[in-house]
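This report concerns only the one structure given below.
All of the numbers you see were taken from the coordinates with simple rules; none came from a lab. Model, not experiment: these values are computed from the prediction. A quick note on method: Cβ atoms are made from the backbone with ideal geometry, for glycine too, and the neighbour counts reach across all protein chains shown.
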Protein chains: 2
Amino acid sequence: MKYPEHMIALINALRCLPGVGNKTAERYAFQMLEWEPHDLAVLAQTVGTLHEKTKFCSECGCLMDDEECEYCVSDKRDRSTICVVSNIREVFAIEQMGEYRGVYHVLGGLLSPMDGITPEVLRVESLLDRFQNTQVKEVVIALDSTLEGDATALYLNKELAELPVKVTRLAFGIPMGSSLDYIDGGTLAYALSGRTTMGG
Amino acid sequence: MKYPEHMIALINALRCLPGVGNKTAERYAFQMLEWEPHDLAVLAQTVGTLHEKTKFCSECGCLMDDEECEYCVSDKRDRSTICVVSNIREVFAIEQMGEYRGVYHVLGGLLSPMDGITPEVLRVESLLDRFQNTQVKEVVIALDSTLEGDATALYLNKELAELPVKVTRLAFGIPMGSSLDYIDGGTLAYALSGRTTMGG
């Protein structure tokens, strides 16, 4: 007993999605059998033309809707603050918050020499280039709090040390709405050492 | 702040997948941005040609790899036993088990008048037609143990009552490897009333 060839091809293609294993891919594929032809065509078309339809800003690496990057060109953004993120999606997460008015720089990943992700692979060179043309006052490092995120943050801090720029990193601490019972010791230690005075 | 148009189109298309909401669709879409063009092309092509490349057996409704249904045509299958399932995927689940040697009949859903799924929509007529040509001894109803599954099973039992055929349904009881603590009362009651004598 095995699936028809075309189903196997579809299942294998779906398995490339993040967090999708054999079971989920099978579920998706069998569900698709029941889709309207139009819906299948729309998905096929949007997937197939994804690369040609998406454009990235050559300066900051963000997704562009038109020919211009809405962050780099807008006169409402403060170009003296650069927020460094690892991937494009994080730009949208930060924008959704609505509190940040600076510009971005997408690294395109986190340092992980074991996986071949060295500083040369990341957009570090183009970050340093930005200091040539613009007066940058602050670089906000908004990277994951993981081994790779920490390594990348330390590396960037070292690279930027020579430049007259303030380098900051997002605060560590207890996530909003969470119970202390579920917080690991490392986070708790950070939260304690970074405790703030409460207003009277 | 919003995603470029093409990303929105892709995210909306991905949201049609079962169990995929906005967040997951976004995750898939952004991951796809990093895929190789070849992988995107393969997914687009397999999705786009899904309907034309998949063929269903006109008799049992199963997926066919070639021009013939491997179940209906094979002389290793017992055509006097028909297992009724709601969708194609369940055929593969039962085949994987490797214990069933009869043939199948895919209903294409479960009765749910509220959603417009009436007996006419399901492949009930074609199930009854099969009794014309073949000597069917047993119909094994392998449907979900849900409200819709029970309704469909009762309906089929009623439809088949006039025919000289044994109608059976999969046994209810405690799933293998599960703890009694987590079993609901209904299942437990079924398991008790259906208890079997242990061999000495």
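Can you confirm whether region B:170-191 contains a residue that is closer than 30 Å to residue B:61 by Cα and in contact (Cβ under 8 Å) with a residue 24 or more places away in the chain?
Yes, region B:170-191 contains a residue that is closer than 30 Å to residue B:61 by Cα and in contact (Cβ under 8 Å) with a residue 24 or more places away in the chain.
Inside region A:30-55, can you point out the residues that are surrounded by fewer than 19 Cβ atoms within 10 Å (Cβ to Cβ) and assigned to a helix (DSSP H, G or I)?
Residues satisfying the conditions are A:31, A:33, A:37, A:38, A:39, A:41, A:45, A:51, A:52, A:53.
Tell me yes or no: at least one residue of region B:129-146 is closer than 21 Å to residue B:85 by Cα, aliphatic (A, V, I, L, M) and touching a Lys or Arg at 6+ places or on another chain (Cβ under 7 Å).
Yes, there is a match, as at least one residue in region B:129-146 is closer than 21 Å to residue B:85 by Cα, aliphatic (A, V, I, L, M) and touching a Lys or Arg at 6+ places or on another chain (Cβ under 7 Å).
Tell me which strands (runs of 3 or more DSSP E) are completely within region B:77-167 and hold 2 or more residues being within 14 Å of chain A (Cβ to nearest Cβ), or say none if there are none.
B:78-85, B:102-106
State which residue is surrounded by the fewest Cβ atoms within 10 Å (Cβ to Cβ) when the search covers only region B:148-192 and only residues that are among the hydroxyl-bearing types (Ser, Thr, Tyr) and within 25 Å of residue B:85 (Cβ to Cβ).
B:178
Within region A:34-51, can one find any residue that is farther than 21 Å from residue B:35 by Cα, within 12 Å of chain B (Cβ to nearest Cβ) and in contact (Cβ under 8 Å) with a residue 24 or more places away in the chain?
The answer is no; no qualifying residue exists.
Being touching a helix residue (DSSP H, G or I) at 6+ places or on another chain (Cβ under 7 Å), closer than 18 Å to residue A:130 by Cβ and surrounded by 17 or more Cβ atoms within 10 Å (Cβ to Cβ) is the requirement here; does residue A:143 meet it?
Taking the combined requirement at face value, the residue satisfies it.
Criterion first (of a type in the set (Asp, Glu) and buried (at least 18 other Cβ atoms within 10 Å of the Cβ)) does residue B:70 satisfy it?
It is true that residue B:70 is of a type in the set (Asp, Glu) and buried (at least 18 other Cβ atoms within 10 Å of the Cβ).
Six or more apart or on different chains, Cβ under 9 Å: which pairs go from a residue in region A:53-67 that's facing chain B (nearest Cβ under 9 Å) to one that's among the polar types (S, T, N, Q)? Could you list them?
Partner pairs satisfying both residue conditions: A:53/A:46; A:63/A:54; A:64/A:54.
Filter region A:1-29 down to the residues that are more than 8 Å from every other protein chain (Cβ to nearest Cβ), surrounded by fewer than 18 Cβ atoms within 10 Å (Cβ to Cβ) and in contact with an Asp or Glu (Cβ under 6 Å, 6 or more places away or on another chain) and list them by number.
Once the filter is applied, which keeps residues that are more than 8 Å from every other protein chain (Cβ to nearest Cβ), surrounded by fewer than 18 Cβ atoms within 10 Å (Cβ to Cβ) and in contact with an Asp or Glu (Cβ under 6 Å, 6 or more places away or on another chain), region A:1-29 yields nothing.
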